[in-house]
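Take a look at the structure below.
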Amino acid sequence: MASVPAGAASAPRRISSGHDQNEKHSTRHEIPLIQSRETGEIVPMAVAQEASPFAKSWAHLVAGGIGGMTAATLTAPLDVLKTRLQSDFYQAQIQASRAVHTAPMNPLRTIGYHFNETFAILASVFRQEGPRALFKGLGPNLVGVVPARSITFFTYGNSKRAIADGLNGGRDTAWVHLAAGVLAGVVTSTATNPIWMVKTRLQLDKNVATESGGARSRRYKNSWDCIRQVLRDEGVRGLYKGMSASYLGVAESTLQWMLYEQMKRSLLLREEKIIANGREKGWWDHTVDWTGKVGAAGSAKLIAAIAAYPHEVARTRLRQAPMADGRPKYTGLAQCFKLVFKEEGMVGLYGGMTPHLLRTVPSAAIMFGMYEGILKFLDTPA
């Protein structure tokens, strides 16, 4: 049987049934046969059409949006806390409180003090501003998360398949994950930066705060008021502040995708080995079956977030509202890194990392777990 050229049209090749074409009555009830481009096998047309990897590409869009929305809602208080700890105003308050503790502490006491400090700020927000403050910015956050995660998973899932089939002979390798991760990160950052800028401004806007000994009222009434003021005072470019830091953050998301894919492959190899050996699964095997991908998602996010965290601080600082005289304190990515390091040291570049990890690691586990689960329910390859 002659093979089908790789550059053939996307439509599968029809195979003759072997009967005389004039005998219409004998072919009326036959199922058309085609040759699969992927495997070369002769299969019924309906089966081959269902096997197309792009047949349900929309599933990635839906699964990513639902997973992102659920994770963002459950972890919203920690997102508010992280954003505040990344800002220079709250860092000044923290440094003032730390000045009281002059005695050196061992590493374990330092870690314990840091966690205690983090949750003390969370309790302070609840006490002074009420429970609604813990979910401040959730509206624009969800408006950003749903399309952002939908775009991310849709772009990654489909570009991974397209790159593998078009440029790598159908092989799903590490460089394919790298290329798909970069593409997904750039597309998502460009499309959703204005939403994240508004979310950051609203989270940094304070109901009850004192600055220079005087009370400070809220600057923005809501998301639309924030957009209006930004456009009026800073122009359209103001909506894209922090874009350079967002592009730098593509490295984090790409690293996370690559680690996650490799961990998934290890889980698959483990499953194949169990089947090949013919042994029955124990309690640990069943535990891995249920929690393996969730744990892989959380672990991948943990490693990637620690490695690339300073860009998060830079992105928040670049999105802060201008100073009282109308001039921005941070004017560019390089200038932001230099100024933060000069004024606050290396610690300033990792401000808010504890609540960031407390939020993003379980958030990634929830989001990827739901993503994989929805794709499995929709019978779509991840």
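Overview of values
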quantity: Subset of region 115-171 [over 17 Å from Thr75 (Cβ atoms), assigned to a helix (DSSP H, G or I) and in contact with an Asp or Glu (Cβ under 9 Å, 6 or more places away or on another chain)]; calculated: Lys160, Arg161, Ala164, Asp165
quantity: Within region 125-156, tally of residues that are farther than 16 Å from Lys199 by Cβ, in contact with a helix residue (DSSP H, G or I) (Cβ under 6 Å, 6 or more places away or on another chain) and not hydrophobic (A, V, I, L, M, F, W, C); calculated: 4
quantity: Only listed residue being surrounded by 22 or more Cβ atoms within 10 Å (Cβ to Cβ) and modelled with pLDDT of 80 or more, chosen from Val62, Val145, Val125; calculated: Val145
quantity: Selection from region 297-317 of residues that are assigned to a helix (DSSP H, G or I), aliphatic (A, V, I, L, M) and surrounded by fewer than 24 Cβ atoms within 10 Å (Cβ to Cβ); calculated: Leu302, Ile303, Ala304, Ala305, Ile306, Ala307
quantity: Residues (charged (D, E, K, R) and free of Cβ contacts under 8 Å to residues at least 24 places away in the same chain) located in region 284-328; calculated: Asp285, Asp289, Asp325, Arg327
quantity: Residue match in region 269-288 (condition: on the phi > 0 side of the Ramachandran plot and either surrounded by fewer than 19 Cβ atoms within 10 Å (Cβ to Cβ) or in the same structural domain as Leu231 (by TED's automatic domain parsing) (or both)); calculated: yes
quantity: Among the candidates Gln320, Gln335, residue that is modelled with pLDDT of 90 or more and more than 16 Å from the chain's Cα centre (by Cα); calculated: Gln335
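Per-residue answers, yes or no, for (1) surrounded by fewer than 18 Cβ atoms within 10 Å (Cβ to Cβ); (2) free of Cβ contacts under 8 Å to residues at least 40 places away in the same chain:
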{"position": "Tyr330", "(1), (2)": "no, yes"}
{"position": "Phe337", "(1), (2)": "no, yes"}
{"position": "Lys342", "(1), (2)": "yes, yes"}
{"position": "Ser363", "(1), (2)": "no, no"}
{"position": "Glu372", "(1), (2)": "no, no"}
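The values are calculated or read from the model by the stated rules, or taken from the named source; none is laboratory data. On a predicted model such as this, the values are computed, not experimentally measured, just so you know. Heads up, the Cβs are rebuilt from the backbone with ideal geometry, glycines too, and the neighbour counts pull from every protein chain shown.
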